[in-house]
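A.B. asks: Following this message is one structure expressed as structure tokens.
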Amino acid sequence: VIVEEVIHLRKSKPVIVVAGIIWVLVGVAYVQSGQGEAATHLLRHNLLEYAEMAFFLMAAMAYVNVIDERGLFQALRARLVAAGFSFRALFWLTGLLAFFISPVADNLATALVMGAVVVAVGAGNPGFVALSCINIVVAANSGGAFSPFGDITTLMVWQKGLVSFFEFFALFVPSLVSWLIPALCMSFAIPPGENPAPVHEDVRVKKGGFTVLALFLLTIALTVALHHALHLPPFLGMMTGLGFLMSYGYFIRRRELKTWEMPAIAPSGAFKAAHKPFDVFISIKRVEWDTLIFFYGIILCVGGLGALGYLSGLSKFFYTDLGPTVANTLVGILSAVIDNIPVMFAVLSMNPEMSHNQWLLVTLTAGIGGSMLSIGSAAGVALMGQARGAYTFFSHLKWTWAVALGYAGGIVAHLVLNGV
């Protein structure tokens with residue numbers, strides 16, 4: 001998984017194979033000890049955890065895809081590109097927007113939208129593109145750390161019931177500090193007063209775009225209300241909201257079918273229309289299935305290691321011998337090298353005895369730690385592909401010291417404001 005960018009093997013493939021192998025070994029071990037049914041029970045428990053997470057993410061990703069299809073992200077990008085800001089102003093503006101959009105739209109989608117802006121305005125200026133991409137990655141990951149909707153790790157902590165929805169906002173200031181410190185360091189490398197060449201692009205939001213955005217916000221409110229008031233799992237609210245979207249999509253499609261003209265068939269008899277009437281299932285098809293299947297493999301892999309007893313030993317070493325503050329700080333550093341999803345799920349599976357503020361700390365570190373390397377988060381990996389040649393592993397590595405300062409600053413801010 002770590003070398004995915006080098007060998008181009010989708011990350012879901014190795015983990016789903018290893019998950020099957022591990023659970024075969026678990027089954028053998030439990031049958032030999034006369035506890036075959038216990039292994040089945042553990043496996044089904046892990047599957048239930050995955051199903052809740054997958055349905056939640058599928059609904060959220062579908063909404064983001066429809067918002068993208070209706071042109072809201074493109075309209076935002078076009079306005080920023082045509083606004084005439086200086087390079088330094090764009091650096092700060094894209095970072096600020098990434099920080100505040102990622103808690104709702106998730107850090108990956110946010111990074112791609114803001115990345116498209118800096119690639120468009122920074123053509124011919126690879127230095128600006130590289131610095132801005134680093135800034136966007138850090139801002140998106142930091143912004144996602146104080147919201148259950150911002151990252152898969154925060155979502156896992158929320159679904160586990162360890163931190164309530166509104167308690168995540170205690171991480172706002174530490175998250176802000178973790179972004180501002182490296183952003184301030186990097187901003188001095190951008191010459192003041194330099195302006196990009198003006199680019200004008202006319203992008204209009206398609207009909208129903210703002211209604212879809214309102215439905216998404218309503219879905220988030222419904223999800224929080226059901227979980228807070230009735231203690232129902234968050235996936236129920238999100239899937240109900242997906243039903244709202246699919247129902248509204250029916251009316252969008254009917255309206256577009258009335259004005260849609262069938263394109264002429266090519267002489268070969270084969271054609272593919274550039275524009276088609278809206279179909280919500282196309283947006284659902286575009287959900288990041290590689291990520292969802294990867295998540296299945298990770299939950300089963302970690303759950304299998306827990307069933308074999310490895311996690312209990314690791315928990316004793318980390319949280320008893322080293323102490324929770326040191327352990328939770330190391331979790332963030334590990335997430336820069338190893339994907340933060342397995343690291344956080346391992347911590348949740350260990351379920352160590354620690355204070356509420358320590359659970360907030362590990363939520364923070366797992367969210368912002370991946371920013372230290374470009375391969376440490378989905379946002380970084382995605383931007384390396386989007387800004388190929390300008391934003392690379394080594395261009396990010398040059399500023400790892402600044403990101404690490406922000407990481408340390410965020411931890412200190414949390415310990416000072418929220419306690420141990």
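The values are calculated or read from the model by the stated rules, or taken from the named source; none is laboratory data. Note that the structure is a prediction, hence the values are computed from the model and not measured. Backbone-built Cβ (ideal geometry, glycine too); neighbour counts: all protein chains shown. Only protein heavy atoms, including side chains, enter the accessible area calculation; ligands, DNA and RNA are left aside. Shrake-Rupley method; radii C 1.70, N 1.55, O 1.52, S 1.80 Å.
A.B. asks: In the range 163-222, which residues are under 21 Å from LEU96 (Cβ atoms) and not hydrophobic (A, V, I, L, M, F, W, C)?
C.D. replies: Within the range 163-222, PRO174, SER175, SER178, PRO182, SER187, PRO191, PRO192, GLY193, GLU194, ASN195, PRO196 qualify.
A.B. asks: Further, regarding this structure: Answer yes or no as to whether PHE85 is open to solvent by 20 Å² or more (accessible area, probe 1.4 Å), farther than 24 Å from VAL416 by Cα and assigned to a loop (DSSP other than H, G, I, E, B). Can you show your working first?
C.D. replies: Working: open to solvent by 20 Å² or more (accessible area, probe 1.4 Å): yes; farther than 24 Å from VAL416 by Cα: yes; assigned to a loop (DSSP other than H, G, I, E, B): yes.
So PHE85 passes the test.
A.B. asks: Do we find a residue being over 14 Å from LEU360 (Cα atoms) and open to solvent by less than 10 Å² (accessible area, probe 1.4 Å) anywhere in the range 158-177?
C.D. replies: No, the range 158-177 contains no residue that is over 14 Å from LEU360 (Cα atoms) and open to solvent by less than 10 Å² (accessible area, probe 1.4 Å).
A.B. asks: In the range 16-50, how many residues are closer than 17 Å to ILE293 by Cβ and open to solvent by less than 30 Å² (accessible area, probe 1.4 Å)?
C.D. replies: 4
A.B. asks: Please state which one of SER395, SER377 is more than 19 Å from ILE190 (Cβ to Cβ) and either in contact (Cβ under 8 Å) with a residue 60 or more places away in the chain or of a type in the set (S, T, N, Q) (or both).
C.D. replies: Step by step, each of SER395, SER377 is checked, and only SER377 is more than 19 Å from ILE190 (Cβ to Cβ) and either in contact (Cβ under 8 Å) with a residue 60 or more places away in the chain or of a type in the set (S, T, N, Q) (or both).
A.B. asks: Further, regarding this structure: Answer yes or no: is there a residue in the range 70-80 that is open to solvent by 20 Å² or more (accessible area, probe 1.4 Å), of a type in the set (A, V, I, L, M) and not in a helix (DSSP H, G or I).
C.D. replies: No, the range 70-80 has no match at all.
A.B. asks: Any idea which of PHE317, PHE294 is in contact (Cβ under 8 Å) with a residue 40 or more places away in the chain and either open to solvent by less than 30 Å² (accessible area, probe 1.4 Å) or assigned to a helix (DSSP H, G or I) (or both)?
C.D. replies: Numbers: PHE317 fails: in contact (Cβ under 8 Å) with a residue 40 or more places away in the chain.
Every option except PHE294 fails the conditions.
Matching residues to (1) in contact with a Phe, Trp or Tyr (Cβ under 8 Å, 6 or more places away or on another chain); (2) more than 30 Å from PHE281 (Cα to Cα); (3) not polar (S, T, N, Q):
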position	(1), (2), (3)
ILE16	yes, no, yes
GLN32	no, yes, no
GLU37	no, yes, yes
ALA78	no, no, yes
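A.B. asks: Only residues that are of a type in the set (A, V, I, L, M), open to solvent by 20 Å² or more (accessible area, probe 1.4 Å) and within 26 Å of the chain's Cα centre (by Cα): list them for the range 297-310, please.
C.D. replies: LEU305
A.B. asks: Quick check on my filter: what residues within the range 320-352 are open to solvent by less than 50 Å² (accessible area, probe 1.4 Å), hydrophobic (A, V, I, L, M, F, W, C), closer than 22 Å to ASN107 by Cα and in a helix (DSSP H, G or I)?
C.D. replies: Of everything in the range 320-352, those that are open to solvent by less than 50 Å² (accessible area, probe 1.4 Å), hydrophobic (A, V, I, L, M, F, W, C), closer than 22 Å to ASN107 by Cα and in a helix (DSSP H, G or I) turn out to be VAL331, ILE341, VAL343, MET344, PHE345, ALA346, VAL347, LEU348.
A.B. asks: Out of all the residues in the range 137-155, which are open to solvent by less than 10 Å² (accessible area, probe 1.4 Å) and part of a helix (DSSP H, G or I)?
C.D. replies: VAL137, VAL138, ALA139, ALA140, ASN141, SER142, GLY143, GLY144, THR153, THR154, LEU155
A.B. asks: If you don't mind, another one. One residue is enough: does the range 173-189 have a residue meeting the conditions over 26 Å from THR223 (Cα atoms), outside any helix (DSSP H, G or I) and modelled with pLDDT of 90 or more?
C.D. replies: yes
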